[in-house]
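A.B. asks: I have a structure here, written as structure tokens, and I will follow up with some questions on it.
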Amino acid sequence: MIKKYSLLVLITWLCACTDASKAPEFSDSELRPGGEATLKRVNTRTFIHPSGNLSIDHELEFWDGLSFFRDPWVASPAITADRDGLGPLYNARSCKACHSRGGRGRLVTEGVSSPMALLFRLGHGEQQRPDPIYGAQLQTFAVLTPTNSPKLQAEGQVELQYEFIEGQFADGTRYQLRKPSYRIVNLSQGELHQETQISPRYAPAIYGMGLLDAIDTQDLLSLEDEFDSNNDGISGRYNRVPDVLTGEMSVGRFGFKGLHPTLNQQIAGAFVNDIGITNPYFRKETCQSTQLACLAEAKRVKGEEQPEIPTKLLQTTEFMSAQLAVQPTRNLKSAEAQSGREIFYQLGCHLCHQPRFKTRVDYSLPELAGQVIWPYTDLALHDMGEELADGKREHLANGREWRTAPLWGIGLQHRIQGYQAYLHDGRARTINEAILWHGGEAKTSQEKYLALSASERQALLFFLTQI
């Protein structure tokens with residue numbers, strides 16, 4: 001059977017066959033990475049803006065949805081009926097607490113803390129069963145229970161320490177990398193299972209996710225090359241994960257290991273796991289069978305048939321999240337940026353950070369449909385080497401694999417938020433450090449980067465900060 005793919009993917013494939021290391025001719029569409037949905041002008045105050053082509057009527061729905069992203073949830077019962085249901089166990093009281101200004105969260109410093117923007121997934125065994133006591137995610141906060149109820153305690157805290165690694169480029173320029181180590185401490189109900197793996201997840205930027213959701217699945221699968229049949233050293237593949245509403249296995253495109261197939265499921269998963277808000281996707285609290293105080297509090301507040309955020313309000317939040325605009329590029333036509341663009345392709349970065357897609361013309365949100373976008377990701381899983389491995393499986397994703405992160409807007413993080421950190425655990429303090437951590441399938445590109453001159457590195461980094 002012959003598969004049908006978009007003209008865009010076929011053109012991309014033909015270009016790759018001719019010379020995979022040569023940058024394609026520059027197109028003005030690169031200046032608007034979100035297509036017509038791109039924000040009209042660069043804004044350095046926040047990443048939270050509606051799609052540039054959103055109508056005024058739909059903007060009202062966007063700002064309504066923003067309130068559920070921004071405002072904190074409270075424990076039940078409360079007079080704010082639309083915002084109660086926090087916990088019983090949770091990591092943050094709002095989406096904003098982790099995704100500051102729509103970007104990445106603020107990392108904690110070394111020592112013991114109850115971090116919000118840095119979550120910890122737990123699992124053990126080949127099937128990655130949740131920890132028998134603490135479940136699939138460590139919850140570092142708990143609601144206050146009534147005096148006549150069992151006392152509820154947070155599950156634990158995190159101790160963070162850094163080791164510093166010295167190295168140098170081929171031209172003698174020295175660099176330093178920061179390697180984190182984590183330990184779960186002050187556990188409230190005994191030790192973790194002896195085989196439980198802990199995997200840190202640093203809250204990502206969330207703009208442009210609706211456009212990623214709108215990419216045709218077949219266009220993604222056309223890039224899959226699990227056994228490196230074209231011998232380019234890249235063997236990307238896609239996770240296959242359950243759609244919790246249909247029960248079918250689908251391509252995972254959201255989460256650091258592709259845990260969720262759709263943006264809506266990703267949002268619903270964050271509500272229940274991070275804030276403790278049950279919803280039409282996930283109706284049960286995250287309490288484990290041994291967590292009696294958690295179970296008692298969940299039963300006291302609401303039953304499984306009453307999601308704490310109903311369908312209508314969840315859909316409003318989903319709409320806002322899907323319509324978060326990507327900012328336009330900056331100075332991309334400059335000589336330095338164009339030089340860096342050439343180096344980006346020469347190093348083979350584009351083989352995983354796929355520059356361009358066209359979204360589905362039949363996507364449910366017309367503002368995001370049929371758009372030529374430049375996210376610089378294939379949303380696929382890649383082996384990133386032992387240094388970045390967490391040892392944790394998630395469905396097909398193994399302990400060395402991570403989903404390719406989008407690069408659009410990456411250079412605005414420091415300008416908008418006043419700080420920057422990269423990779424799945426935020427260990428990289430600069431884009432330079434993030435590149436140097438690349439191993440596995442990206443090792444060849446990393447080695448080429450090490451061999452660049454100082455001016456070539458500067459050009460590449462300048463390009464990346466402008467896209």
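A.B. asks: Anything in region 431-441 that is under 20 Å from Phe256 (Cβ atoms) and either more than 19 Å from the chain's Cα centre (by Cα) or open to solvent by 40 Å² or more (accessible area, probe 1.4 Å) (or both)? List them, or say none.
C.D. replies: Looking only at region 431-441, we keep the residues that are under 20 Å from Phe256 (Cβ atoms), and these are 431, 433-441.
Correct list: Leu436, His438, Gly439, Gly440, Glu441.
A.B. asks: In addition: In region 32-62, what residues are more than 23 Å from the chain's Cα centre (by Cα) and more than 30 Å from Lys312 (Cα to Cα)?
C.D. replies: Arg41
A.B. asks: Let me ask something else. Filter region 186-242 down to residues that are without any contact (Cβ under 8 Å) to a residue 24 or more places away in the chain, of a type in the set (Phe, Trp, Tyr) and open to solvent by less than 30 Å² (accessible area, probe 1.4 Å), then give me how many there are.
C.D. replies: Residues meeting the conditions: 0.
A.B. asks: Continuing with this model, one more query. Consider Tyr376 against the criteria (1) farther than 17 Å from Gly348 by Cα; (2) of a type in the set (Phe, Trp, Tyr); (3) assigned to a loop (DSSP other than H, G, I, E, B): it satisfies all of them except one. Which criterion is unmet?
C.D. replies: Just one mismatch for Tyr376, condition (1).
A.B. asks: Quick one: would you say Leu407 is open to solvent by less than 30 Å² (accessible area, probe 1.4 Å), closer than 28 Å to Arg45 by Cβ and in contact (Cβ under 8 Å) with a residue 40 or more places away in the chain?
C.D. replies: Working: open to solvent by less than 30 Å² (accessible area, probe 1.4 Å): yes; closer than 28 Å to Arg45 by Cβ: yes; in contact (Cβ under 8 Å) with a residue 40 or more places away in the chain: yes.
Spelling it out, Leu407 is indeed open to solvent by less than 30 Å² (accessible area, probe 1.4 Å), closer than 28 Å to Arg45 by Cβ and in contact (Cβ under 8 Å) with a residue 40 or more places away in the chain.
A.B. asks: Please state which of the following conditions Ile79 fails to meet, knowing it meets all the rest: (1) surrounded by fewer than 16 Cβ atoms within 10 Å (Cβ to Cβ); (2) touching a Ser or Thr at 6+ places or on another chain (Cβ under 9 Å); (3) over 25 Å from Val185 (Cβ atoms).
C.D. replies: (2)
A.B. asks: Among (1) buried (at least 21 other Cβ atoms within 10 Å of the Cβ); (2) among the polar types (S, T, N, Q); (3) over 13 Å from the mean Cα position of the chain (by Cα); (4) closer than 30 Å to Leu223 by Cβ, there is one condition Gln266 misses while meeting the rest; what is its number?
C.D. replies: (3)
A.B. asks: So is Leu60 surrounded by fewer than 20 Cβ atoms within 10 Å (Cβ to Cβ), of a type in the set (A, V, I, L, M) and at pLDDT 95 or above or not?
C.D. replies: So Leu60 passes the test.
A.B. asks: While we're here: Can you tell which of His414, His424 is open to solvent by 20 Å² or more (accessible area, probe 1.4 Å) and of a type outside the set (S, T, N, Q)?
C.D. replies: None of the other options fit; the residue is His414.
A.B. asks: Separate question: Examine region 166-182 for a residue that is β-branched (Val, Ile, Thr), open to solvent by 50 Å² or more (accessible area, probe 1.4 Å) and part of a strand (DSSP E or B), and state whether such a residue exists.
C.D. replies: Within region 166-182, none of the residues are β-branched (Val, Ile, Thr), open to solvent by 50 Å² or more (accessible area, probe 1.4 Å) and part of a strand (DSSP E or B).
A.B. asks: Under 15 Å from Ile309 (Cα atoms), free of Cβ contacts under 8 Å to residues at least 40 places away in the same chain and out of contact with any helix residue (DSSP H, G or I) (no Cβ under 6 Å at 6 or more places or on another chain) - does that describe any residue in region 45-68?
C.D. replies: Within region 45-68, one or more residues are under 15 Å from Ile309 (Cα atoms), free of Cβ contacts under 8 Å to residues at least 40 places away in the same chain and out of contact with any helix residue (DSSP H, G or I) (no Cβ under 6 Å at 6 or more places or on another chain).
A.B. asks: Would you say Thr38 is at pLDDT below 90 and either open to solvent by 50 Å² or more (accessible area, probe 1.4 Å) or touching a Pro at 6+ places or on another chain (Cβ under 9 Å) (or both)?
C.D. replies: In short, no.
A.B. asks: State all residues of region 411-436 that are touching a residue at least 60 places away in the same chain (Cβ under 8 Å), part of a helix (DSSP H, G or I) and within 12 Å of Gly103 (Cα to Cα); if no residue qualifies, say none.
C.D. replies: Of everything in region 411-436, those that are touching a residue at least 60 places away in the same chain (Cβ under 8 Å), part of a helix (DSSP H, G or I) and within 12 Å of Gly103 (Cα to Cα) turn out to be Gly411, Leu412, Gln413, Arg415, Ile416, Gln417.
A.B. asks: Another question about this same structure. Could you tell me whether region 450-467 includes any residue that is in contact with a Pro (Cβ under 6 Å, 6 or more places away or on another chain) and either assigned to a loop (DSSP other than H, G, I, E, B) or surrounded by fewer than 20 Cβ atoms within 10 Å (Cβ to Cβ) (or both)?
C.D. replies: Among the residues of region 450-467, not one is in contact with a Pro (Cβ under 6 Å, 6 or more places away or on another chain) and either assigned to a loop (DSSP other than H, G, I, E, B) or surrounded by fewer than 20 Cβ atoms within 10 Å (Cβ to Cβ) (or both), which makes the answer no.
A.B. asks: Then there is this: Go through the residues of region 42-64 one by one and say whether even a single one is part of a loop (DSSP other than H, G, I, E, B) and basic (Lys, Arg).
C.D. replies: Yes: one or more hits.
A.B. asks: Looking at (1) under 21 Å from Arg32 (Cα atoms); (2) buried (at least 19 other Cβ atoms within 10 Å of the Cβ), which is the one condition that is false for Val372?
C.D. replies: Among (1) under 21 Å from Arg32 (Cα atoms); (2) buried (at least 19 other Cβ atoms within 10 Å of the Cβ), the lone unmet condition for Val372 is (2).
A.B. asks: Can you name the residue in region 113-159 that is at pLDDT 95 or above, among the acidic types (Asp, Glu) and more than 15 Å from Glu285 (Cβ to Cβ) and, of all such residues, is surrounded by the most Cβ atoms within 10 Å (Cβ to Cβ)?
C.D. replies: The selected residue is Asp131.
The values are calculated or read from the model by the stated rules, or taken from the named source; none is laboratory data. Just so you know, these numbers come straight off a predicted model, no measurement behind them. We place every Cβ from the backbone using ideal geometry, glycine too, and count neighbours over all the protein chains shown. Accessible surface areas use protein heavy atoms only, side chains included; no ligands, DNA or RNA. Shrake-Rupley method; radii C 1.70, N 1.55, O 1.52, S 1.80 Å.
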